[in-house]
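Worksheet: the structure to be examined is printed underneath.
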Amino acid sequence: MASPTSSEKIKPSEAFTNASVFARVGLLVYTILIVYASWYPFSGWQDKGLTPWHYLSLPLPHYWTKFDVAANILAYIPFGIGVVFAMHPHVRRIFAFLLASAAGVLLSGIIEAGQTFLPSRVPSNLDLFTNSAGAILGALVGVLLMPYILERSRLMQLRRRWFLHEASRGLIVAGLWPLAQIYPQSYLFGHGQLTPILSEWLSFWWSTPVDLSGLILQDRQLTIEQYWLAETIITACGFTGALLTLLCILRKTAPKVVLVVLLALSAFAAKALSNALLFSPEQAFVWLTPGAQAGILVSLIMLGGLVFAPPTAQRRVAALTLIISLIVVNAAPANPYFVATLQSWVQGKLQNFNGAVQFLGLAWPFFALWFLYHPVHRKLKQT
């Protein structure tokens with residue numbers, strides 16, 4: 001593998017800086033996902049006349065399942081690891097373990113206390129214990145792995161060889177994109193569709209039906225051809241914006257085509273697998289509609305001329321395409337076929353997980369735009 005050129009030499013201290021930024025941004029995103037999943041669906045808040053900490057004095061619940069216990073522990077292991085990595089290199093070893101463990105216990109305690117005010121949730125001391133156990137286990141794993149991942153890892157060598165110095169935030173954003181495909185969307189890569197949720201909130205607060213997309217379209221119904229055109233635009237812009245977000249953080253020495261193809265394939269695989277598991281194996285590829293296929297083709301044509309463009313140009317086009325996708329997906333009404341398909345979805349035990357991936361699907365384009373317009377691009381010299 002080729003070594004970085006003289007203009008791409010990495011300062012010795014960059015390993016610590018990049019690891020810290022990557023870990024802290026990752027920890028922030030993961031914490032938001034935990035909170036969202038634990039308080040999903042965020043409706044019906046009410047005061048039951050109980051103190052937020054009353055669940056601590058209750059006896060352990062009589063009914064619990066191994067699935068719930070395992071899910072609670074596994075969910076907080078990455079949090080414990082993330083806290084340890086986020087404090088590196090300022091806090092290490094035993095102090096990192098203690099602080100990460102305390103952070104996990106505190107986060108779980110606050111979340112369980114908040115569930116006191118949600119009628120669809122039941123605060124549990126068992127959940128607090130299992131969540132805390134997961135965070136403590138993650139903190140221990142993080143301390144043990146820290147020297148191998150953050151200090152002398154081959155992954156860190158590849159990161160410095162293939163990615164720009166300011167790529168840490170972008171790596172988080174690009175890595176979350178395939179996961180954002182898990183939750184069903186009205187349109188392929190149509191993330192950030194907030195109008196249905198805002199319409200529901202406004203309808204609740206105003207006690208009258210509100211349809212924001214209907215107001216935007218002035219209650220005009222789209223024809224089949226117009227639905228296809230909308231899906232083509234949304235798919236093309238969403239696909240192009242996501243892959244350009246990865247491209248704009250790659251160095252000249254990186255295998256750009258290979259990495260972009262891997263990211264695209266991982267997104268397609270996540271979409272197909274989630275559809276097969278959430279609905280049925282026969283519906284694994286129902287999202288690959290004529291409009292989606294046309295959008296992918298248009299995107300590939302656009303990417304063909306931008307793969308080796310300067311990072312600044314790639315970043316600007318990525319932001320533009322994501323903004324266009326956001327505008328169109330929020331203006332277009334929900335796909336009737338998608339609405340009918342969604343009726344057969346039973347969330348069951350995966351309600352917390354589905355809440356987290358729903359939030360990720362809604363928030364991903366805003367995460368991407370945050371990175372693409374981050375001041376770090378103006379402060380650091382691009383190589």
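Just so it is clear, none of the values below were taken in a lab; they were calculated from the coordinates. Being a predicted model, the structure only gives us computed values, none of them experimental. A quick note on method: Cβ atoms are made from the backbone with ideal geometry, for glycine too, and the neighbour counts reach across all protein chains shown.
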Original post:
What residue among 148, 87, 36 has its Cα farthest toward the positive end of the dipole of segment 15-160, where the charges are +1 on Lys, Arg and -1 on Asp, Glu, each on the Cβ?
Top reply: 148
Subject >> Amide hydrogen neighbours beyond the local backbone of residue 250, cut-off 5 Å, H modeled >> reply: 164
Original post:
Points 7 angstrom from Cα along the Cβ direction at residue 43 and residue 64: gap in nanometres?
Top reply: 3.0
Subject >> segment 275-319 - Debye-derived log10 I(q)/I(0), Cα point model, q = 0.17, 0.21, 0.29 Å⁻¹ >> reply: -0.65, -0.73, -0.95
Subject >> Potential extension, residue 226-residue 253 segment - 0.36 nm per residue separation minus Cα distance >> reply: 5.5 nm
**OP:** Quote to one decimal, in nm, the extra length available between residue 54 and residue 297 on full extension: 0.36 nm per residue of separation minus the C-alpha distance between them.
**Re:** 81.8 nm
Subject >> Label-point gap, in nm, between residue 117 and residue 265 - each point 7 angstrom along Cα→Cβ >> reply: 4.8
